[in-house]
């Protein structure tokens, strides 16, 4: 089971001119943080400065722990999107299951 987040939804037309959607899914991971003990005094000082900067600018700390990888792009006509039965929303997280020639999406709790 893989967790994916909807990065982008765009309106498209297929080659026959039918309206549809382009749904971009990215893998959503949180990288565990672990303590690294610097070997030198200079490295310890740099580490402390970085911690202080991250405390002052919280967005820098958040970007370090969140990691995303492109996972899947769906090109669906309106009819295919309705048959799929999932209402994708940008920034919502879904569980992606690949099993025996099938793909299943489930909204993550």
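What FRET efficiency comes out for residue 75 versus residue 29 if R0 is 30 angstrom and r is the Cβ-Cβ distance? Round to the nearest 0.05. Could the numbers behind the result be given before it?
Numbers: r = 25 Å, r/R0 = 0.83.
The calculated FRET efficiency here is 0.75.
Please work out how much length the chain gains when fully extended from residue 7 to residue 52, using 0.36 nm per residue of separation minus the C-alpha to C-alpha distance, in nm with one decimal.
13.1 nm
Sorted from fewest to most neighbouring beta carbons within 10 Å, what does the list 28, 87 look like? Could the numbers behind the result be given before it?
Details: 28 20, 87 9.
Listing 28, 87 from fewest to most nearby Cβ atoms yields 87, 28.
Readers should treat all values here as calculations from the given coordinates under stated rules, not as data from a laboratory. This is a predicted model, so every value here is computed, not measured. Here Cβ is always computed from backbone atoms with ideal geometry, including for glycine, and neighbour counts include all displayed protein chains.
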